[in-house]
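The values are calculated or read from the model by the stated rules, or taken from the named source; none is laboratory data. Just so you know, these numbers come straight off a predicted model, no measurement behind them. Neighbour counts are summed over all protein chains in view; Cβ atoms, including those assigned to glycine, are modelled from backbone coordinates with ideal geometry. Note: accessible area is taken over every heavy atom of the protein model, side chains too, but ligands, DNA and RNA are not part of it. Shrake-Rupley method; radii C 1.70, N 1.55, O 1.52, S 1.80 Å.
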Amino acid sequence: MQNIKEQLKDITATIPTNVRLVAVSKYQPENYISVAYECGQRIFGESHALELKSKYEHLPKDIEWHFIGHLQTNKVKYIAPFVSLIHAVDSLRLLQEIDKQAAKAKRIIPCLIQIHVAQEETKFGLSVEECRAFFERKEWRDLKNITIKGLMCMASNTDNESQIRHEFQIAHNLFNEIKSTYFSNNYNFKECSWGMSDDYPIAIEEGSTLIRVGSKIFGKRD
Ligand SMILES: *Cc1c(COP(=O)(O)O)cnc(C)c1O
């Protein structure tokens, strides 16, 4: 086990107070999460619904669980009763299913819309144009059991720092545009989820409010 405590301390000491750290614990054992929890970490990110449900059941109830990965509509029901934020919503169909399951659980579930800014074609998310078209439609406004709190993205997996920065800037510009167009009177639209172990310092410079850091805290995943 790498020194989770030291790594967490290093990261939290260097991030501004307006940025929150999501400790990405996917594939990591529960005792690693407990170590981070004992250091005061309360927000954890997972990307598989059943793994998340099981960890939720075993670990302290004041943990804020974020779902960060691609979510299939048929898995929403497993996490709807307790999830604090769903980061990667990339279709109206998924948002409608989250709304439906949230209503069943008598909750309002905060969500982020995932946009695709990276060059890799395999990544999920809406293009800038698709994102504009999504917000232009009125359907999302009719959903009473979800609330859209911002945008999420992943940059390209590259060493090219200026490219990564450029992609985060595209995301941040789009965030500002969507905010001023649709959420000008709504303080809740405020989250920019970008930045992972290798690029979170750049992400913070480019407006991130939620960084999702896994391997830098917990070490390599199996
Ligand atoms: C796994 C994952 C992360 C964390 O990646 P690290 O490189 O380990 O920090 C962040 N965001 C998403 C969407 C992920 O799937």
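Applying the Karplus parametrisation 6.51 cos²θ - 1.76 cosθ + 1.60 with θ = phi - 60° to the phi angles of region 200-215, what ³J(HN,Hα) value in whole Hz is obtained for each residue in order, glycine and proline being reported as x?
3J(HN,Hα) across region 200-215, in whole Hz: 5, x, 5, 4, 5, 5, 9, x, 4, 10, 9, 9, 10, 10, x, 4.
Which residues' amide hydrogens lie under 5 Å from the amide hydrogen of Thr147, considering only partners 5 or more residues apart or on another chain, with H built in the peptide plane?
Excluding prolines and chain starts, which carry no amide H, the hits are Ile109, Cys111.
Counting other Cβ atoms within 10 Å, keep those with at most 12, restrict to DSSP loop, and tell me which trypsin sites (Lys or Arg not before Pro) in region 97-131 are left.
In loop regions of region 97-131 (DSSP not H, G, I, E or B), the sparsely surrounded trypsin sites (Lys or Arg not before Pro) are Lys106.
Scan the chain and report its longest stretch carrying no GluC sites (Glu not before Pro) that are both in a DSSP loop and have at most 13 other Cβ atoms within 10 Å.
1-119
Give the accessible surface of region 125-193 per residue, rounded to a whole number of Å², with probe radius 1.4 Å and ligands, DNA and RNA excluded.
I get 54 Å² per residue for region 125-193.
So how compact is region 1-72: Cα radius of gyration and Dmax in angstrom?
Rg then Dmax for region 1-72, in Å: 12.2, 35.
Hey, any idea what % of the chain's accessible area is carbon plus sulfur with a 1.4 Å probe?
47 percent
Taking amide H positions as placed in the peptide plane 1.01 Å from N, state which residues far from Glu191 in sequence (5 or more) or on other chains have amide H under 5 Å from it.
Amide H neighbours of Glu191: Gly150, Leu151.
Keeping all protein chains in place and using 1.4 angstrom, which order do His172, His66 fall into by accessible surface area, from largest down?
Ranked from most to least accessible, the order is His172, His66.
Would you rank Arg20, Arg93 by solvent-accessible area, highest first, keeping every protein chain in place and using a 1.4 Å probe?
Arg93, Arg20
Do any chymotrypsin sites (Phe, Trp or Tyr not before Pro) in region 55-155 lie in a loop, going by DSSP, with at most 11 other beta-carbon atoms within 10 Å of their beta carbon, and if so which?
Qualifying residues, ordered by number: none.
Output the relative contact order of the chain, whole-number percent, from Cα pairs under 8 angstrom with separation of 6+ residues.
21 percent
For region 63-78, take each phi angle, set θ = phi - 60°, evaluate the Karplus expression 6.51 cos²θ - 1.76 cosθ + 1.60, and give the result in whole Hz per residue in order, putting x for glycine and proline.
6, 9, 8, 10, 9, 10, x, 6, 10, 7, 4, 6, 9, 4, 4, 6
Cα to Cα, under 18 Å, and not fewer than 8 places away if on the same chain: which lysines meet these conditions relative to Lys77?
Straight-line reach from Lys77, under 18 Å: Lys53, Lys55, Lys100, Lys104, Lys106, Lys144.
Need the C-alpha centroid separation for region 130-193 versus region 16-89, integer Å.
Using only Cα atoms, the two centres lie 21 Å from each other.
How large is ³J(HN,Hα), in whole Hz, for each residue of region 34-45 in order, when computed from phi with the Karplus curve 6.51 cos²θ - 1.76 cosθ + 1.60 and θ = phi - 60°, using x for Gly and Pro?
4, 4, 5, 4, 5, 7, x, 5, 10, 9, 10, x
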